[in-house]
Amino acid sequence: MQPLRQTFLRYNAQTSDTPLLLEFSRAEGVFLYDSQGKQYLDLISGIGVSNVGHGHPRVVAAVREQAGRFMHLMVYGEFVQAPQVRYAEKLAGLLPEKLSCVYFTNSGAESVEGALKLAKRSTGRNEIIACRNSYHGSTQGALSVMGNEEYKQAYRPLLPGIQFIRFNRHKDLSLIRPETACVILETIQGEAGIRVPEKEYLKALRARCHETGTLLILDEIQTGMGRTGSLFAFEQYGIEPDILLTAKALGGGMPLGAFIASPAIMQHLSYDPPLGHITTFGGHPVCCAAGLAALEVLLEEDLAAKANEKGGLFRKLLQHPAIREFRGAGLLMALEFESFEQNKAVIDRCIEKGVITDWFLHDSRSMRLAPPLTIREEQIRDACSVILESIEEVIN
Ligand code: PLP
């Protein structure tokens, strides 16, 4: 038999010519283990997914239990499936009152697609405003609102009627007009390299959307489920979206997304025409059971509040002249170097030393730090020592 790596390259579709090609046979907590038993500390959580760590026993038990009862029964929205109902009820209880109607999807991109359709349908408008340097997923609607031409130009024509504003720039808010159906924005920009907005900016954006009858869609697919110090980042800004997007950590390691709105807004998908959004696997019962178990762990262990303290420790420890900037909120952090080459060299050295990090789609000079929220103090200290040693070894 060929080594698995070669078979992967031959038979599995590739997304770039430089895949990481690491091969793992097991994962537990904050660690991944390769086939030789080498341990790696995970500082990226499968890109913001494994917030309660890998293979959490409560999540695994919920998956086993639900798989034993039933898996797929019917397309989303027809049958009353307990895991979907329980999870929607739990989320609604933790969110502002108006965000009480949950549409479960398969992924982040599907949540974006559903939300853009919902905004058009419920406002009767078709203009959309998105942000420069945003990332909302890779399907055609999500790509249309991505603020980076490099990844879009080969796929045009995309959705018409989209305008881009600059993140955190008050001046651009005047582009939001009574004709604008929605503004879609990451509360904290992720793939732009962790860009945290000013509180006053988000408040002004919220006010402008109210003035113009425009729906505010906040994409918390990467920032959600406790990562930035609260269940969702918007809670720290004194604003509420009209439509909230979540995915990634929502499923506790299983594929699950959701767009969440008021019943008054959400009802538009159910008439004229009905079946305004259809999904076969959206809200898969096993994924909902896993997600609910993960959320219970997150709440019981107060992981969101602890994310702030832990992020603070990373910030304190990661001091080096080669680090140009440290940006972050909770355990969603970026370390900026002078160039992609420097960043890549540090990342490669960290991986050799058993610490997994990465860069950002729209910010290749910055290193991504987003470990499971369950990471412990001594593991943070170890990770930071490896990063600093790697910097010393590869940057001179
Ligand atoms: N929105 C944000 C902010 C994201 O970071 C991502 C994925 O990285 C998405 C949407 C798309 O999610 P998915 O890959 O599940 O489609």
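The values are calculated or read from the model by the stated rules, or taken from the named source; none is laboratory data. All of these numbers come straight from a predicted model, not from anything done at the bench. Please note: Cβ atoms are built from the backbone with ideal geometry, for glycine as well, and neighbour counts cover all protein chains shown.
Inspect segment 227-239 for any residue being touching a strand residue (DSSP E or B) at 6+ places or on another chain (Cβ under 9 Å), closer than 23 Å to Arg365 by Cα and surrounded by 20 or more Cβ atoms within 10 Å (Cβ to Cβ) and give the result as yes or no.
yes
Output yes when any residue across segment 341-360 is touching a Phe, Trp or Tyr at 6+ places or on another chain (Cβ under 7 Å), more than 30 Å from Ser35 (Cβ to Cβ) and modelled with pLDDT of 95 or more, and no when none is.
no
Determine whether segment 82-92 contains at least one residue that is assigned to a loop (DSSP other than H, G, I, E, B), at negative phi and buried (at least 17 other Cβ atoms within 10 Å of the Cβ).
no
Among Tyr40, Tyr76, which is among the hydroxyl-bearing types (Ser, Thr, Tyr) and in a strand (DSSP E or B)?
None of the others qualify; the one that does is Tyr40.
Which residue, of Thr123, Thr139, is modelled with pLDDT of 95 or more and within 29 Å of Thr357 (Cβ to Cβ)?
Thr139
Considering each of Ser111, Ser122 in turn, give the residue that is within 17 Å of the chain's Cα centre (by Cα) and polar (S, T, N, Q).
On the way: Ser122 fails: within 17 Å of the chain's Cα centre (by Cα).
Matching residue, one of Ser111, Ser122: Ser111.
Search segment 326-369 for residues being among the β-branched types (Val, Ile, Thr) and part of a helix (DSSP H, G or I), and hand back the single one that is surrounded by the most Cβ atoms within 10 Å (Cβ to Cβ).
Here is the first cut: in segment 326-369, the ones among the β-branched types (Val, Ile, Thr) are 346-347, 351, 355-357.
Within this subset, residues satisfying the condition of being part of a helix (DSSP H, G or I) are 346-347, 351.
Details: Val346: 27, Ile347: 23, Ile351: 17.
Checked segment 326-369; the qualifying residue surrounded by the most Cβ atoms within 10 Å (Cβ to Cβ) is Val346.
What tally of residues in segment 215-230 results from selecting those that are away from the ligand (no atom under 16 Å from the Cβ) and under 21 Å from Glu110 (Cα atoms)? If you could, list the steps in order and put the result at the bottom.
Our first condition is that a residue be away from the ligand (no atom under 16 Å from the Cβ); within segment 215-230, this holds for 215, 229-230.
Restricting the remaining residues to those that are under 21 Å from Glu110 (Cα atoms) gives 215.
The number of residues fulfilling the criteria is 1.
Conditions tested, residue by residue: (1) among the aromatic types (Phe, Trp, Tyr); (2) within 16 Å of the ligand (Cβ to nearest atom).
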position	(1), (2)
Ser262	no, no
Cys287	no, yes
Asn308	no, no
Phe314	yes, no
Pro321	no, no
Ala329	no, yes
Leu335	no, no
Val346	no, no
Glu352	no, no
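Enumerate the strands (runs of 3 or more DSSP E) found wholly within segment 204-299, keeping only those where 1 or more residues are in the same structural domain as Leu116 (by TED's automatic domain parsing), over 16 Å from the mean Cα position of the chain (by Cα) and of a type in the set (A, V, I, L, M, F, W, C).
215-219, 257-261
Based on what the data block shows, is Phe167 within 13 Å of the ligand (Cβ to nearest atom), of a type outside the set (Ser, Thr, Tyr) and touching a Pro at 6+ places or on another chain (Cβ under 9 Å)?
For Phe167, the condition - within 13 Å of the ligand (Cβ to nearest atom), of a type outside the set (Ser, Thr, Tyr) and touching a Pro at 6+ places or on another chain (Cβ under 9 Å) - is met.
Could you please let me know if Gly161 is in contact with a helix residue (DSSP H, G or I) (Cβ under 8 Å, 6 or more places away or on another chain) and exposed (fewer than 15 other Cβ atoms within 10 Å of the Cβ)? Step through it out loud before you land on a result.
Working: in contact with a helix residue (DSSP H, G or I) (Cβ under 8 Å, 6 or more places away or on another chain): no; exposed (fewer than 15 other Cβ atoms within 10 Å of the Cβ): yes.
Spelling it out, it is not the case that Gly161 is in contact with a helix residue (DSSP H, G or I) (Cβ under 8 Å, 6 or more places away or on another chain) and exposed (fewer than 15 other Cβ atoms within 10 Å of the Cβ).
Anything in segment 302-325 that is assigned to a helix (DSSP H, G or I) and either in contact with a helix residue (DSSP H, G or I) (Cβ under 6 Å, 6 or more places away or on another chain) or in contact (Cβ under 8 Å) with a residue 12 or more places away in the chain (or both)? List them, or say none.
Residues satisfying the conditions are Leu303, Ala304, Ala305, Lys306, Ala307, Asn308, Lys310, Gly311, Leu313, Phe314, Arg315, Leu317.
Restricting attention to segment 86-140, which residues are among the aromatic types (Phe, Trp, Tyr) and within 16 Å of the ligand (Cβ to nearest atom)?
Scanning segment 86-140 gives Tyr103, Phe104, Tyr135.
Could you grab me the full set of residues in segment 170-203 that are in a loop (DSSP other than H, G, I, E, B), within 16 Å of the ligand (Cβ to nearest atom) and not aliphatic (A, V, I, L, M)?
Here is the first cut: in segment 170-203, the ones in a loop (DSSP other than H, G, I, E, B) are 176-179, 187-188, 190-194, 196-198.
This time we only want the ones that are within 16 Å of the ligand (Cβ to nearest atom), so: 187-188, 190-194, 196-197.
Listed by number, the residues that qualify are Thr187, Gly190, Glu191, Gly193, Pro197.
If the requirement is being surrounded by 22 or more Cβ atoms within 10 Å (Cβ to Cβ), farther than 20 Å from Gly224 by Cα and at pLDDT 95 or above, which of these qualifies: Ala192, Ala204, Ala181? Step through it out loud before you land on a result.
On the way: Ala192 fails: farther than 20 Å from Gly224 by Cα; Ala204 fails: surrounded by 22 or more Cβ atoms within 10 Å (Cβ to Cβ).
So the residue among Ala192, Ala204, Ala181 that is surrounded by 22 or more Cβ atoms within 10 Å (Cβ to Cβ), farther than 20 Å from Gly224 by Cα and at pLDDT 95 or above is Ala181.
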